[in-house]
Amino acid sequence: GLTVLIGFIALFIPNLKLTNSIAIGGIIIIFVSIISSITLTPVLIFLFRNYLDYPKIFLKFNFAYFDKIIVKTNNFFLKNSIKLSLLSTIILLLLSFPVLNIKLSDPEMNTMPDTMESKKGFETLQKISNSNLMLPIYFIVDSKKGFIDENENLIKIFKIANNIKRNKRISEIYSLITLDKNLLITDYLLANNLKIPYFQKAKNFFVSNDAKQSLLILFPQKDLNSLEINNLIKDLRSETYNDFQVMIGGPASISYDLIKKLYDNFIYIILLVYLVTFLLLMYAFKSILIPIKSILLNTLSILSSYGVLVLVFQYGYFNNLINLKYSPEAVL
């Protein structure tokens with residue numbers, strides 16, 4: 001119980017409300033379970049000691065036959081322990097191999113039941129436009145020099161928008177200098193200098209009150225899955241924008257940020273669980289080999305489980321056996 005409890009404590013390391021809430025819930029459950037197992041459970045066993053053999057019919061069964069099977073099975077495994085250990089280890093290692101290519105993403109609407117009203121609404125919105133209207137990317141440029149609506153900065157923003165347009169994963173851009181696809185940068189500069197009303201109204205929406213920041217709303221292509229959108233966010237953030245400080249966020253980046261925050265701290269979570277597990281088992285069994293063996297076997301078991309998840313949900317093997325109509329191409 002303490003080992004599992006420490007595992008939940010490790011979830012505090014990413015310092016996210018999501019993982020913190022799971023950790024708190026898990027710690028309370030495990031703590032109550034431990035306390036009840038050493039206090040309430042013995043009392044209940046004592047109080048109901050005269051009723052523990054019910055139903056009595058099982059007392060008449062002769063389990064000797066099953067005992068013989070168990071003994072024979074145990075003897076078989078003991079006599080062939082080395083061969084069977086090697087065989088099982090090889091199988092688990094083979095199942096673990098796909099983990100090397102694991103891709104992480106969040107659940108997509110396509111994986112939800114067709115009867116969900118939210119899914120029907122999502123699909124209707126997708127039909128309206130060529131863009132993914134549900135997952136906009138908020139691209140904010142912050143001027144390092146001067147105001148954002150100065151001609152020099154508007155030209156620079158126009159160049160940034162044109163570079164983004166070349167990305168085939170982007171369907172549309174809504175911004176101060178992409179109000180009309182037929183207008184040139186000179187048209188926008190003229191509208192700005194002459195303070196044309198429609199341009200001034202657009203500035204109220206796309207430019208901050210202090211005229212230091214401007215918003216560009218990017219809409220990904222609607223056929224992109226969550227993994228591809230995460231890669232798009234990563235690529236946009238890796239670009240250099242010398243003239244501006246750029247912040248990229250919005251609904252489309254939530255998944256990427258969450259996964260990055262979790263798995264940037266993943267190694268520390270694993271090390272903490274390994275360390276505490278080793279110390280507790282070493283204290284309990286007065287041995288060093290038993291904790292090492294336990295850690296290795298648990299690790300191999302978990303890796304093989306994730307390997308199967310990758311095979312089924314990422315590569316699509318055997319998904320017909322679980323009636324999986326849509327393969328997310330990632331582990332959700």
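When only residues in the range 221-234 that are open to solvent by 40 Å² or more (accessible area, probe 1.4 Å), touching a residue at least 24 places away in the same chain (Cβ under 8 Å) and out of contact with any helix residue (DSSP H, G or I) (no Cβ under 8 Å at 6 or more places or on another chain) count, which is nearest to ASN162 (Cα to Cα)?
Among those that are open to solvent by 40 Å² or more (accessible area, probe 1.4 Å), touching a residue at least 24 places away in the same chain (Cβ under 8 Å) and out of contact with any helix residue (DSSP H, G or I) (no Cβ under 8 Å at 6 or more places or on another chain), it is GLN221.
Candidates in the range 239-259 are the residues that are modelled with pLDDT under 85 and not hydrophobic (A, V, I, L, M, F, W, C); of these, the one that is least open to solvent (accessible area, probe 1.4 Å) is SER255. Checked against (1) in a helix (DSSP H, G or I); (2) touching a Leu at 6+ places or on another chain (Cβ under 9 Å); (3) of a type in the set (A, V, I, L, M, F, W, C); (4) within 30 Å of LEU18 (Cα to Cα), LEU272 passes all but a single condition, namely (2).
Take LEU104 and tell me if it is of a type outside the set (S, T, N, Q), in contact with a strand residue (DSSP E or B) (Cβ under 7 Å, 6 or more places away or on another chain), open to solvent by less than 100 Å² (accessible area, probe 1.4 Å) and closer than 30 Å to SER304 by Cβ. Step through it out loud before you land on a result.
Working: of a type outside the set (S, T, N, Q): yes; in contact with a strand residue (DSSP E or B) (Cβ under 7 Å, 6 or more places away or on another chain): yes; open to solvent by less than 100 Å² (accessible area, probe 1.4 Å): yes; closer than 30 Å to SER304 by Cβ: yes.
Against the criterion (of a type outside the set (S, T, N, Q), in contact with a strand residue (DSSP E or B) (Cβ under 7 Å, 6 or more places away or on another chain), open to solvent by less than 100 Å² (accessible area, probe 1.4 Å) and closer than 30 Å to SER304 by Cβ), LEU104 qualifies.
You will find that of LEU296, LEU262, LEU218, LEU236, the residue that is in a helix (DSSP H, G or I), modelled with pLDDT of 90 or more and touching a Leu at 6+ places or on another chain (Cβ under 9 Å) is LEU236 and no other. Filtering the range 62-85 for residues that are open to solvent by 70 Å² or more (accessible area, probe 1.4 Å), modelled with pLDDT under 80, farther than 30 Å from LYS168 by Cβ and not in a helix (DSSP H, G or I) leaves a non-empty set.
Being modelled with pLDDT of 90 or more and open to solvent by 70 Å² or more (accessible area, probe 1.4 Å) is a condition met by at least one residue of the range 19-27.
The values are calculated or read from the model by the stated rules, or taken from the named source; none is laboratory data. Everything numeric here is computed off the predicted structure, so don't read it as measured data. Counting neighbours? That spans all protein chains shown, and the Cβs are built from the backbone with ideal geometry, glycine included. When the accessible area is computed, the model is the full protein with side chains, heavy atoms only, and any ligands, DNA or RNA have been set aside. Shrake-Rupley method; radii C 1.70, N 1.55, O 1.52, S 1.80 Å.
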